[in-house]
Amino acid sequence: MIRITAVSLFLLLSAIPAWAKTPQIAIVLRGHQFVPVDVTAPAGTRIELRVHNAQKVPAEFESSSLHREQVVTPGATIRVYVGPLSPGRYEFFDDFHPATRGHLVVK
C-alpha cells in the first residue's frame, strides 16, 4: 500500500507543468526607467520575466539578444519567457523610448 502511494505521489508531482517551476523575475517600468535596471538569473534555466508598466503611456519590452518584443499597455503586466541561457549580460529596452534600458545578468 505504501508503495502505491509513493508511485502515485511521484506521478502527480511529475505532472506539474514546467512553467510552474520557472523562476520569476519582476521588472517595473516607472518614469521611463526599468526598476531594477539590472536583474540576475541563473544560467541554464528557463526564466519568466514579469514586466509591469506603471506608467500612463505604452511601452515595448524589446531585446535583440533575447529575441523578444512585446508591447506593455499602461497598468498591464506581461510575461516574457526566455532561456535556458548561457552566462552573460543580455540587454533589453523600451522600443518606444530607446534611452530606457536594462540588463538581464545570467550567472
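The values are calculated or read from the model by the stated rules, or taken from the named source; none is laboratory data. Computed from a predicted structure; not experimentally measured. Methodologically, a virtual Cβ is constructed for each residue, glycine included, from the backbone with ideal geometry; neighbour enumeration extends over all protein chains shown.
Within the stretch 23-37, the only residue that satisfies the criterion of being more than 14 Å from the chain's Cα centre (by Cα) and either modelled with pLDDT under 95 or surrounded by 14 or more Cβ atoms within 10 Å (Cβ to Cβ) (or both) is 33. When 54, 15, 99 are checked against the criterion of being at pLDDT below 95, surrounded by fewer than 18 Cβ atoms within 10 Å (Cβ to Cβ) and not β-branched (Val, Ile, Thr), a single residue qualifies: 15. Of the residues screened, residue 85 is not one that is in contact (Cβ under 8 Å) with a residue 40 or more places away in the chain and in a strand (DSSP E or B).
Just wondering, is there one or more residues in the stretch 52-71 that are among the basic types (Lys, Arg), in a strand (DSSP E or B) and over 14 Å from residue 25 (Cα atoms)?
Looking through the stretch 52-71, at least one residue is among the basic types (Lys, Arg), in a strand (DSSP E or B) and over 14 Å from residue 25 (Cα atoms).
Take the conditions (1) out of contact with any strand residue (DSSP E or B) (no Cβ under 7 Å at 6 or more places or on another chain); (2) modelled with pLDDT of 95 or more; residue 8 misses just one of them, which is (2).
All conditions in (1) closer than 18 Å to residue 39 by Cα; (2) out of contact with any strand residue (DSSP E or B) (no Cβ under 6 Å at 6 or more places or on another chain); (3) among the β-branched types (Val, Ile, Thr) hold for residue 106, with the sole exception of (2). Determine whether residue 80 is touching a residue at least 60 places away in the same chain (Cβ under 8 Å) and under 23 Å from residue 21 (Cα atoms). It is false that residue 80 is touching a residue at least 60 places away in the same chain (Cβ under 8 Å) and under 23 Å from residue 21 (Cα atoms).
Scanning the stretch 38-59 for residues that are of a type in the set (D, E, K, R) and either over 13 Å from the mean Cα position of the chain (by Cα) or closer than 13 Å to residue 83 by Cα (or both) yields a count of 3.
Of all the residues in the stretch 17-51, those that are assigned to a loop (DSSP other than H, G, I, E, B) and either in contact with a Pro (Cβ under 6 Å, 6 or more places away or on another chain) or not hydroxyl-bearing (Ser, Thr, Tyr) (or both) number 11.
Taking every residue in the stretch 23-42 that is under 20 Å from residue 88 (Cα atoms) and pairing it with any residue that is part of a strand (DSSP E or B) and acidic (Asp, Glu), at least 6 positions away or on another chain, the pairs with Cβ-Cβ distances below 9 Å are 23/48; 24/48; 25/48; 34/94.
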